[in-house]
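Before anything else, here's the structure in question.
The values are calculated or read from the model by the stated rules, or taken from the named source; none is laboratory data. Bear in mind that the values here come from a model prediction, so they are computed numbers and not experimental data. Reconstructed Cβ throughout: ideal geometry from the backbone, glycine too, with neighbour counts over all protein chains shown.
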């Protein structure tokens, strides 16, 4: 099963990149999870939507090939990052060619704050619902990971590992149910 992961944290030390790497390492057997570097996508503009650059074409192919999408996002100002919105917009355009339509989606994120990424996930879910994605509702997973990773970026917190295993189990079951 091919899963496209879109990671909204693009900084070098992003905890959401670390979270993605931990999730990838923990993926259930039979699930192939790969990300796409959304930071390299140009800003969406209608001027290019009918004849996008090759990188955007490659990105759209990855969306088409995926059976599900996992959004891993930080929270900025109670929302998700603009770079993630840009990637979502490219996948939904031009009008009438929404590649997100009916794709099973999971939403997860990490921060060092007490409420994890609640605001970002809530806002992201609104956008994904509009795009007609089938977003897993439960379990929600808002992670405070202030001490979950070591200096090498490895997940060392056993409680977080347990939560991620539970998330994977629910998400993989969700995808199978949605694909029937």
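Of all the residues that make up the stretch 133-154, how many are within 15 Å of residue 71 (Cα to Cα) and part of a loop (DSSP other than H, G, I, E, B)?
Qualifying residue count for the region: 7.
Could you list all residues from the stretch 31-58 that are over 30 Å from residue 165 (Cβ atoms) and modelled with pLDDT under 95?
Selection gives nothing.
Shifting gears a bit: If a residue must be over 18 Å from residue 9 (Cβ atoms), in contact with a helix residue (DSSP H, G or I) (Cβ under 9 Å, 6 or more places away or on another chain) and not in a strand (DSSP E or B), how many such residues does the stretch 64-91 contain?
3
I've got another one for you. Going by what's in this entry, would residue 61 be described as over 26 Å from residue 164 (Cα atoms) and either out of contact with any helix residue (DSSP H, G or I) (no Cβ under 7 Å at 6 or more places or on another chain) or surrounded by 22 or more Cβ atoms within 10 Å (Cβ to Cβ) (or both)?
yes
Moving to a separate point now. Kindly establish whether residue 113 is modelled with pLDDT under 95 and either in contact with a strand residue (DSSP E or B) (Cβ under 7 Å, 6 or more places away or on another chain) or closer than 16 Å to residue 37 by Cα (or both).
yes
Identify, please: which residue in the stretch 34-58 is part of a loop (DSSP other than H, G, I, E, B) and within 17 Å of the chain's Cα centre (by Cα) and is, among those, surrounded by the most Cβ atoms within 10 Å (Cβ to Cβ)?
The selected residue is 41.
Take the conditions more than 30 Å from residue 51 (Cα to Cα), under 18 Å from the mean Cα position of the chain (by Cα) and either modelled with pLDDT of 95 or more or surrounded by 14 or more Cβ atoms within 10 Å (Cβ to Cβ) (or both) and apply them to residue 138. Does it pass?
Judged against the criteria, residue 138 is not a match.
Do the conditions hold for residue 114, that is, is it under 30 Å from residue 48 (Cβ atoms), assigned to a loop (DSSP other than H, G, I, E, B) and either touching a residue at least 24 places away in the same chain (Cβ under 8 Å) or out of contact with any helix residue (DSSP H, G or I) (no Cβ under 8 Å at 6 or more places or on another chain) (or both)?
No.
So, one more: Can you find a residue that is under 20 Å from residue 140 (Cβ atoms), touching a strand residue (DSSP E or B) at 6+ places or on another chain (Cβ under 9 Å) and surrounded by 15 or more Cβ atoms within 10 Å (Cβ to Cβ) anywhere in the stretch 85-95?
Taking every residue of the stretch 85-95 in turn, at least one turns out to be under 20 Å from residue 140 (Cβ atoms), touching a strand residue (DSSP E or B) at 6+ places or on another chain (Cβ under 9 Å) and surrounded by 15 or more Cβ atoms within 10 Å (Cβ to Cβ).
Do we have residue 72 as under 16 Å from the mean Cα position of the chain (by Cα), under 17 Å from residue 143 (Cβ atoms) and at pLDDT 95 or above here?
When the stated conditions are applied, residue 72 passes them.
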